[in-house]
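Enquirer: Right, I'll just put the structure down here and ask away after.
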Amino acid sequence: MLSKDEQARELARKHYDIEDGITQIVRITQSAEVETGPTAPIILLESNTNTVPSGVTPIRFGPDPASGVQYPSVIVEVTPEEFDRIKSRELQLPLGWNLADPIPRETENADR
């Protein structure tokens, strides 16, 4: 079974593959106490040029072991402008959510 970090990268890779409008994906983390809980979801913030402005609207999904997704997930899809507003803290994430490391496209990893 993949670790939660590995699963987050795999989920992001799949999202990049199926949605060409995604320009960036950043993992959102919570406190260590919450993150280590067995039901804590993988949370991804996705900047997508093909979406409409709707603020921070989390969409929750359960685990799907048949598809290789062992953890529940939460996806927050925003426009690039909203993404910039989140990074500058003009647009707030839910309490306790923190921006973590970006998850680059696989081709970006190969260039490093």
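Enquirer: Computed from the coordinates I sent, Kirkwood radius over Cα pairs in Å equals one of [x] 17.7; [y] 16.7; [z] 14.4. Tell me the label.
Expert: [z]
Enquirer: With no solvent and one equal point scatterer per Cα, compute the Debye intensity ratio I(q)/I(0) for segment 1-52 at 0.17, 0.19, 0.22, 0.32 Å⁻¹ and report its log10, rounded to two decimals.
Expert: After summing over all Cα pairs, the log10 values are -0.57, -0.68, -0.83, -1.27.
Enquirer: Treat every Asp and Glu Cβ in the chain as -1 and every Lys and Arg Cβ as +1, leave all other atoms uncharged, and give the resulting dipole magnitude about the Cα centre to the nearest 20 debye.
Expert: Details: 11 positive and 19 negative charges, 46 e Å.
In total the dipole reaches around 220 debye.
Enquirer: Next question. Residue by residue through segment 61-67, what is 3J(HN,Hα) from phi via Karplus (6.51 cos²θ - 1.76 cosθ + 1.60, θ = phi - 60°)? Round to whole Hz and write x for glycine and proline.
Expert: Those phi angles translate into 10, x, x, 9, x, 4, 9 Hz.
Enquirer: Got the relative contact order for segment 4-110 handy, in percent, Cα pairs under 8 Å and 6 or more residues apart? Mind showing how you got there, number by number?
Expert: Numbers: 172 pairs, mean separation 34.3, N = 107.
Reported as a whole number, the value is 32 percent.
Enquirer: Would you calculate, for the chain, the mean residue ellipticity at 222 nm contributed by helices, counting each DSSP H stretch of 4 or more residues as -39,500 (n - 2.57) and dividing by all residues, to the nearest 500?
Expert: Values: 4 runs with 32 residues, N = 112.
Computed mean residue ellipticity for the chain: -7500 deg cm²/dmol.
Bear in mind these aren't lab numbers, they're just calculated from the coordinates by the rules spelled out. Predicted model, so just to flag it, every value in this text is computed and none were measured. Cβ sites come from the backbone with ideal geometry, for glycine too, and all protein chains shown count toward neighbours.
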